[in-house]
1. Work out from phi, with θ = phi - 60° and the Karplus expression 6.51 cos²θ - 1.76 cosθ + 1.60, the ³J(HN,Hα) of each residue of segment 56-66, listed in order in whole Hz, and give x for Gly and Pro.
2. Given H placed on each backbone N at 1.01 Å, which residues far from Thr77 in sequence or on other chains put an amide H within less than 5 Å of it?
3. Within segment 3-110, how many lysine pairs that are 8 or more places apart, or on different chains, have C-alpha atoms less than 29 Å apart?
4. Where does each of His92, His38 land when they are ranked from fewest to most other beta-carbon atoms within 10 angstrom?
5. Starting with the highest mean, order 76-82, 25-31 by the number of other Cβ atoms within 10 Å, averaged over the residues of each peptide.
6. Neighbouring Cβ atoms within 10 Å as the yardstick, rank Ser47, Ser110 fewest first.
Amino acid sequence: MKKSTIIIIMLSSILTACSRRDTKLAEEIPGTWTHSAHAMAMTPDGSFTESFRSKTGTNTFAGTWQIKDGILIFTTTNDPAGASVQRYKISHLDAHQLVYEMNGQTITLSR
């Protein structure tokens, strides 16, 4: 086999593995996740709502979510400042915990 053929086969295998992992994560993530004053509901259709409670009130955001290469991508569509995109690296996901990295911090949500 030529060297280029081997490289193409290896890259295809890696991409297929990432795609399968993303599909598995996307199937497991829908539900309601909470952490103290933070609640996030993600639906199987790729939409989400998120609320943060504070002493001054509750802020609620909505939009869409997707997973690509193990990264949870939120596109917020109802922010008065305009649409925004946030990306979080998923560290762990099971039936009870979603752990992701945000700005050097590890965030753990439960359901």
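1. Each residue's phi maps through the Karplus curve to give 8, x, 10, 9, 10, 10, 9, x, 10, 9, 7 Hz.
2. For Thr77, whose amide H was placed from the backbone, the distant partners under 5 Å are Ala62, Gly63, Thr64.
3. 4
4. By the 10 Å Cβ count, ascending: His92, His38.
5. Numbers: 76-82: 10.1, 25-31: 14.9.
Answer by packing, highest mean first, reads 25-31, 76-82.
6. On the way: Ser47 14, Ser110 11.
Ranking Ser47, Ser110 by Cβ neighbours within 10 Å, fewest first, gives Ser110, Ser47.
Every read-out reported here was derived from the displayed coordinates using simple, explicitly stated rules and does not represent laboratory data. This is a predicted model, so every value here is computed, not measured. Here Cβ is always computed from backbone atoms with ideal geometry, including for glycine, and neighbour counts include all displayed protein chains.
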